[in-house]
Every structure is written in structure tokens, then in C-alpha cells.
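Following: one structure in C-alpha cells, then a few remarks.
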Amino acid sequence: MNTPFVDGWNIVQTLGDGSFGEVKLLLNQNNHGYVAMKTIDLQNYSDALATVQKEAAIHSRLSHSSIIKYYGQRHTKDTYYIFLEYASGGELFDRIEPDVGMPVSDARKFFKELISGVEYLHNNGVAHRDLKPENLLLDENGNLKISDFGLATLFLCGGKRRKLDKYCGTRPYLAPEVRSLLPYQAEPSDIWSCGIILVSMLTGELPWDTPSDNDDDYKLWKTTDYANHSPWNKLDTLALSLVRKILTPSPSKRYDIPKIRSHRWFKNSETHDNKKVRISVRSDRDLDDGRQCCSQPTSAAISFDTSLSHSESEIHSFSQPTQVDDLLLSSQLLTSQPISTPNNSLQNLVKRMTRFLVDLPHDAALTNLALCLGEMGYIWKVNKPSLITITTTDERLVFKSNVIPMNDKTLIDFRLSRGCGLEFKRNFVSIKNAMSSTIEGIGCIVSTYKTDLK
């Protein structure tokens, strides 16, 4: 049910949440345009105001087809609002099938768009510092958009370059030099994260928990025997060749973006991809992403000394919001992406593969889900009459389920709150399988979100 935010704007649904706020979808009642609004609680986060102002200052300077548009901000004493482009295609991780990945042609398309966006950031002196599938969004046409600049910082300003020295990001995607106590160059660390994202897209796995010699999987990567083990044995020769060059432990020897662009795998055509046969190997490795990140701030002068340090457990990530006069939005900003039937709750939902329709009325569906979660050993609690927070027993993964009435049936929608996107997908599949006897019309719903990639 729509909730008024300011005159002419309604809150349609929650797109994501974290420890310090939420991202909500706003609908303009006049032109049916919509925008994502990120809200940050300034009371329960000591550095919140400085952090979001830095984020906004950086994001407001950026304009590229592979980066979420920043529209603006407003704030009150207790809450900061950031308004961004709404990416209705959801998050990239939702396109990755656990332990399988995605078609090579799709992975290549997304990787090219990612590299294009990262190259633009680096050319403008910005390091993202938290690149991962959860922070890569898709628009309605399936085009990749880099989001969440909560950990971004400047490494080049006024012609002066500096090294970075903050330990921040998400563990499986961190470059090994970020874990060191020594200053490191900005660009190679972002490029390393791009390499991990490529592996996850092609194999449906993360190669290690942490790039450390205390991690057996990472130690294996540095031996001559790695190619016989998952996920590396899922990659064809060309893909493995590129990954080898990107995931080189030494930053000075790591491929830069021009070299990545010149690699044969990067330049290959979709026709070449369609001639390949993919082989998937099941892996039951436990994955953990360590944290999520808090996004989108406003305008202020930026200098090198605005870099902030946060531990992985302190930060949580959001995507999508922008600026207006009363909302802070002028209607001209929001004339794209019309919602044809605003009262149709299914039409308004962000595209997401982690949902299914059950042939039960709302209360029965809620009861059925609760029983299923208890039998599967999850820790869960009802936050609102139709919203359940679910936690794994090891507390490494937190996600939420929204139980939405759909006439005489019920849509059960899941979204990640904290943890690894791939592990979230694994848990969703397990819950879906456990409730399979009640699921109705899932083929119809899923097909709505499997849009063709161009």
C-alpha cells in the first residue's frame, strides 16, 4: 500500500535496508515517474553526517552511463535523504546462479560495462573501494550501473596523487594489499575487485573468503595446482588467462584497464560465446561477504583528508536515490520509466528473482513460511505483520521476507539485508524448495524478470 512522503510523492516499497537506514521507492503521482530514496539515520551512527556528505559530494560529480545517477539530497536533524536513479532491474548478484554463474555472453557484457564505469571513476580520481555484485545494479534494459559510493574516496585531486591506507571493503573482494599495513595504489585494488566479480559471474562462486595466506583457497591460487580445483576448473582457457592477469597478488604486475581491454576474452564476440558448452561443478563452500555499505550523500568541498575509516562490521550498504525542490525533486527529472498501472503491486516491485507466488491466502502463507523457517533451523522474527527478518544460525547472513497479498494468493518476496549475495541465493533456493508444494505460477513470475540482455 502506498504511503505519502511529501505532496505528490508516495513511498511504494522498501528496496533495501541496513543497520543505518533504508532505500525506498518513491512514485510521483502526477507523471508516474519514480526515484529511489536512501534514508540514513543520523542519530545511531556517530559519523553518519560526515560520511553521507562525503558520499554525496563524490557521487554528485559523476556522470556516466554505467554509474547510478545522483539527483540530490535533503536532511533533517535526525535523517538524511539521498535521491538517486531507480534501477528497476535489481542487483547483479540476482543474475548469478549459485555454483553455476551466468551465460558467458551476459558475463562479458556486464564486465565490459563494469570496466567502463571503473575506468571513468579512476580517470576522475575516484576509487570506489567496495565493488561487488550487490553494489552493481541493473536498469530496466539490463544495463549495469555502479552504485553505493559510501566508501568511495579521492586519490587524485588538483593534480596531486596519493596512496590509500584505509582497510575497508568486503573481505572476499578485497585486494591483498588492502589488508597490509602499508599504503597502496587505488586503481589496482578496484581492478582486483572487478576480477573477483568476473569469477563470480562465470562460476557462481567466490574463490576465497579472504586473500590471505591464512586462507587455504587463496594459498592454492598461488600454486601450480590451482587449475584442477573449483572454481578455476569451470573457466575456459581464455577466461582463466584474463583472471590470472587481474588477480595477480603484486599490484605493480596486475593488469590495468587498457591491458584488460586488449585481452582476447574481453574482445571476443557473443557469437564466439554461443559456440561454447558450459560445465558446472557443485561446490558447497561456505561464503561470507563480511559487510554491506551505507550510500549516497550531498555536496561539499572534497579534499584528501575527508577519507573515513570503518571496520567491516560497522558499515551496511544501500543502493538507489536523488534531488528536488520540495521532495527535492523536480518533475523533469522523473519523466522516464512510467509505471503503467500504479495500483498493481506486482508491477511496482523491483525486478528480483528471489520471490515466488504461493497458492495460499496471506495469513496461511505467513504461517506456512514461519513453520518452514523453524524446521530449517533459521532464527526469525516478525517485525511487522507481513515482514519477517531471517538470520542463519552462524549470524553471517541476514535477509528479510515480505509477505504480500495478491488477491487470493500471496507473493513471498526475499531481499538481502546483510551477508553474501551468492549465499543468500543458496538459502532462498532451499526455502523455495521446502515450500514447493504451495508454489503456484512461479514460472510466470520468474519470466517477468528474465529480461533479454542487449
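Below are the figures for this structure:
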quantity: Tyr167 versus Thr224: modelled label distance in nm, points set 7 Å from Cα along the beta carbon direction; calculated: 3.4 nm
quantity: Segments 31-42, 149-160, 400-411 sorted - mean Cβ within 10 Å per residue, highest first; calculated: 31-42, 149-160, 400-411
quantity: Thr393 - accessible surface, heavy atoms, 1.4 Å probe, Å² rounded to 10; calculated: 100 Å²
quantity: Amide H partners (placed H, <5 Å) of Ile67, local residues excluded; calculated: Ile146
quantity: Surface share of carbon and sulfur [accessible, 1.4 angstrom probe, percent] for the range 52-98; calculated: 38 percent
quantity: Rough spin-label spacing in nm, given labels placed 7 Å along Cα→Cβ, for Asn383 and Val429; calculated: 2.6 nm
quantity: Under 16 Å from Lys166, Cα to Cα: lysines that are on another chain or at least 8 residues apart; calculated: Lys54
quantity: Per-residue ³J(HN,Hα) for the range 118-127, Karplus 6.51 cos²θ - 1.76 cosθ + 1.60, θ = phi - 60°, Hz, x for Gly and Pro; calculated: 5, 4, 4, 4, 5, 5, 9, x, 10, 9
quantity: Length released on extending from Asp236 to Lys77, taking residue separation times 0.36 nm less the Cα-Cα span; calculated: 51.8 nm
quantity: Segment Lys259-Arg61, extension gain: residue separation times 0.36 nm, minus the distance between their alpha carbons; calculated: 68.6 nm
quantity: For the range 228-236, 3J(HN,Hα) per residue [Karplus equation, 6.51 cos²θ - 1.76 cosθ + 1.60, θ = phi - 60°, Hz, x = Gly/Pro]; calculated: 8, 10, 6, x, 5, 6, 8, 8, 6
quantity: The range 140-278 - accessible surface per residue (Å², probe 1.4 Å); calculated: 44 Å²
quantity: GluC sites (Glu not before Pro) restricted to the range 111-214 and DSSP loop, no more than 16 other C-beta within 10 Å; calculated: Glu140
quantity: When each of Lys109/Lys160; Lys400/Lys425; Lys69/Lys384; Lys38/Lys69; Lys160/Lys259 is checked by Cα-Cα distance, pairs over 22 Å; calculated: Lys109/Lys160; Lys69/Lys384; Lys160/Lys259
quantity: The range 87-104 - phi-based ³J(HN,Hα) in whole Hz, Karplus 6.51/-1.76/1.60, Gly and Pro as x; calculated: 9, 6, x, x, 9, 4, 4, 5, 8, 9, 7, x, 6, 10, x, 8, x, 4
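The values are calculated or read from the model by the stated rules, or taken from the named source; none is laboratory data. Because the structure is a prediction, the values reported are computed rather than measured. Cβ atoms come from the backbone with ideal geometry, glycine included; neighbour counts cover every protein chain shown. Areas reflect the complete protein model, heavy atoms only, side chains present, ligands, DNA and RNA absent. Shrake-Rupley method; radii C 1.70, N 1.55, O 1.52, S 1.80 Å.
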